[in-house]
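Please read the structure below before turning to the comments.
The values are calculated or read from the model by the stated rules, or taken from the named source; none is laboratory data. Model, not experiment: these values are computed from the prediction. Positions of Cβ are generated from backbone atoms using ideal geometry, with glycine treated the same way; all protein chains shown enter the neighbour counts.
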Amino acid sequence: MPEPEQLITSVLASAGGEIVGRVRLQKVVYLLDQLGLNTGFSYSYHHYGPYSADLVDAVDGAKAFRLIEEQTRHRRSDGVPFSVYKLAPNCELDELGELGALRLRSSVDLMSAYSATVLELAATIHWLRTKETVEDWRAELVRRKGVKTQEGRAEEAVELLRRLGLFNEH
């Protein structure tokens, strides 16, 4: 199994070398794990859905080994800071995990077409259905995520899960 730091570089490489936002990174890696990336990270449910402290540690390790860089930027609208994760210059990629390069890249490409909120909803739907086995997951999603589920975002999240092969009707 590849080292966790190396898996982070593989995910970033598959995203074109950059992922914007901590929530996006957490949800992309969670969904990739559900597809079979097999990072070995453990997840628990937090405010923004499935969360892995192991992933945070792997990112910190990748930064310490100078495999990736984390930049802090600020939203123009309100000044709120956010993180941008980038592959470090001259970072060499050795391991791609257990998904394989093509599946990893196509999955990350698909996820990049969706907002971080839709990724958060998709990961939460998956969590509710498979980890907590909530029968009325739609009602629970609205209870936990409120306004985020509106304007078609919950439907987009289900569509993303279907396209990834992570949603069946049963």
Subject >> Residue among Glu70, Glu140 that alone is in contact with a Phe, Trp or Tyr (Cβ under 6 Å, 6 or more places away or on another chain), among the charged types (D, E, K, R) and touching a residue at least 12 places away in the same chain (Cβ under 8 Å) >> reply: Glu70
**OP:** Looking only at region 158-170, count how many residues are among the acidic types (Asp, Glu) and part of a helix (DSSP H, G or I).
**Re:** 1
Subject >> Asn90, sole failed condition from (1) of a type outside the set (A, V, I, L, M); (2) at pLDDT 95 or above; (3) not in a helix (DSSP H, G or I) >> reply: (2)
**OP:** Starting from region 5-28, take each residue that is modelled with pLDDT of 95 or more and among the charged types (D, E, K, R) and list its partners that are surrounded by fewer than 23 Cβ atoms within 10 Å (Cβ to Cβ) and part of a strand (DSSP E or B), counting only C-beta distances under 6 angstrom and pairs at least six apart or across chains.
**Re:** Glu18/Lys86; Arg22/Ser83
Original post:
What pairs can you find where one residue is in region 104-128 and surrounded by 17 or more Cβ atoms within 10 Å (Cβ to Cβ), the other is polar (S, T, N, Q) and modelled with pLDDT of 95 or more, and their Cβ atoms are less than 9 Å apart, with a gap of 6+ or different chains?
Top reply: Leu119/Gln26; Glu120/Gln26; Leu121/Thr149; Ala123/Gln26; Ala123/Gln34; His126/Gln34
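Residues are listed down the side, and each one gets a yes or a no for (1) over 27 Å from His126 (Cα atoms); (2) buried (at least 22 other Cβ atoms within 10 Å of the Cβ); (3) not aliphatic (A, V, I, L, M):
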| position | (1), (2), (3) |
| --- | --- |
| Leu12 | no, yes, no |
| Tyr30 | no, yes, yes |
| Ser42 | no, no, yes |
| Val56 | no, no, no |
| Ala62 | yes, yes, no |
| His74 | yes, no, yes |
| Phe82 | no, no, yes |
| Leu102 | no, no, no |
Original post:
In this structure, does Lys131 turn out to be of a type outside the set (A, V, I, L, M), in contact (Cβ under 8 Å) with a residue 40 or more places away in the chain, farther than 25 Å from Gly61 by Cα and touching a strand residue (DSSP E or B) at 6+ places or on another chain (Cβ under 9 Å)?
Top reply: yes
**OP:** Among the residues of region 130-157, count how many are assigned to a helix (DSSP H, G or I) and either surrounded by fewer than 20 Cβ atoms within 10 Å (Cβ to Cβ) or on the phi > 0 side of the Ramachandran plot (or both).
**Re:** 14
